[in-house]
1. Suppose we keep only residues that are of a type in the set (Gly, Ala, Ser) and in a strand (DSSP E or B) within the stretch 172-226. Which one would you say is farthest from residue 134 (Cα to Cα)?
2. Counting residues that are among the small types (Gly, Ala, Ser), which strands (runs of 3 or more DSSP E) fully inside the stretch 361-417 reach at least 1?
3. Taking the stretch 309-325 as the search range and keeping residues that are among the small types (Gly, Ala, Ser) and surrounded by 16 or more Cβ atoms within 10 Å (Cβ to Cβ), which one is farthest from the chain's Cα centre (by Cα)?
4. Could you please find all residues in the stretch 384-408 being among the aromatic types (Phe, Trp, Tyr) and surrounded by 24 or more Cβ atoms within 10 Å (Cβ to Cβ)?
5. Could you tell me whether the stretch 327-337 includes any residue that is part of a helix (DSSP H, G or I) and in contact with a Cys (Cβ under 9 Å, 6 or more places away or on another chain)?
6. How many of the residues in the stretch 264-296 are under 29 Å from the mean Cα position of the chain (by Cα), of a type outside the set (S, T, N, Q) and surrounded by 15 or more Cβ atoms within 10 Å (Cβ to Cβ)?
7. Restrict the check to the stretch 304-314 and report whether at least one residue is touching a helix residue (DSSP H, G or I) at 6+ places or on another chain (Cβ under 6 Å) and not in a strand (DSSP E or B).
8. Which fully enclosed strands (runs of 3 or more DSSP E) of the stretch 58-148 have 3 or more residues being surrounded by fewer than 20 Cβ atoms within 10 Å (Cβ to Cβ) and touching a Leu at 6+ places or on another chain (Cβ under 8 Å)?
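The values are calculated or read from the model by the stated rules, or taken from the named source; none is laboratory data. The structure displayed is predicted, hence computed values, not measured ones. Don't worry about glycine lacking a Cβ; one is built from the backbone with ideal geometry, like all the others, and counts go over all protein chains shown.
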Amino acid sequence: MGDHNTTPMQWACALSTRPSLEAAVAEVVEQAKQSLQQPPDLGLVFISSAFASEFSRLLPLLQERLPGLTLIGCGGGGIIGADRDSQSKEIEGSPALSLSLAVLPGVKIRAFHLTAEDLPDLDSPPDAWIDLIGVPVAEQPQFILLADGFSARVNDFLQGLDFAYPSSVKVGGLASSGTSSSQIGLFCNDRLYREGTVGLALSGNIVLETIVAQGCRPIGHPYRVIEAERNIVLGLEAQPDSPAGYGGSTVLQQSKRTPLEILQELIQDLSEEDRLLAQHSLFVGVAQSEFKQTLEHGDFLIRQLLGVDPRVGAIAIGDRIRAGQRIQFHLRDAKTSAEDLEVLLQRYQQQQRNHSAQGALLFSCMGRGEGLYGEPHFDSRLFQRYVNQIPIGGFFCNGEIGPVGKNTFLHGYTSVFGICRQP
């Protein structure tokens, strides 16, 4: 815990693209330490899967230069960091190492590693989860989580943490290194793990804020689910008060219809461009608030449309759904994704006028980046344009962790930003 309470919070981030691991470690440590006035309290390291065969060498090399530092990290298919001019960079598909160092006065830091076997079952009381993490609820910890998607029971873990720490923010991502679990690298202090979750619980003099950019825009209107089974939607009804602002004019019709009927009608009304897009980039947004009348940007959890059953007119989506929830169809492409992030950044900038963020982490989907936008460094540079050039580190994930509404979810095709500042 940083006890230098009079000093301000400081963050530094460095990136190296050297192909030698020794040279890369030397470069990021030197560059990050130069930007700090005090010895760091915390480190976050992200290493490209191009180095997968050398993961076991990373921590000894870092410890030599940063002895005793609390540190977590993981391997990623792409790495996000800052060059010597503090310009953020996203390096995809070639060797890269990113190191964020933070001076955190008055912040309690707890680093942990947990396996799927360590997790209580979902019927356990909140105390079981609190004992597992080892941080009292009263401390209101903020969580950064890095997990192995093959074995970590991530959804159960997020549900348990939300249950035990309902007002805590949780962000992070799934390590992404190749196609097999043997190439997964999760780092916690001086240990390399191949499975489970490594995490940080940060409490005290710190605020963690989030931007969750799911990259979609709505089409048509919201509908209420009136019949559903597990992840299959069988019947919908139009909302009599469907807001004009988020999906068109008022709808008066209110009888049960099949999702397929509604979808076919909706697609006929789209522009030629959107009709083509709907063939491969159609998603379903599930509203996260039961009570909010007018649904707007960021109110929906975006899930994949897995398939349709033409016999009964049902649709299958990538999540459980129940009667009473509201859904709206969405489209996703590069232009939409860019506009979505920009809207959220503008909103964040307006809300945080008087606060100055010190550092940020970006957990972005492997399906974004240059493959989506046709240009490199897109999300991180757009972020830096709105949030005063703060240092940003992170990686490209196989799944992104972040809140929508009051709950925390595992996302796809999403960029989740965790932004740190003092209260």
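1. Restricting to residues being of a type in the set (Gly, Ala, Ser) and in a strand (DSSP E or B), the top hit is 213.
2. Passing ranges, in order: 392-397, 400-404.
3. In this case the residue turns out to be 313.
4. Result: 395, 396.
5. For the stretch 327-337, residues part of a helix (DSSP H, G or I) and in contact with a Cys (Cβ under 9 Å, 6 or more places away or on another chain): present.
6. 10
7. yes
8. Counting at least 3 such residues, we get 107-114.
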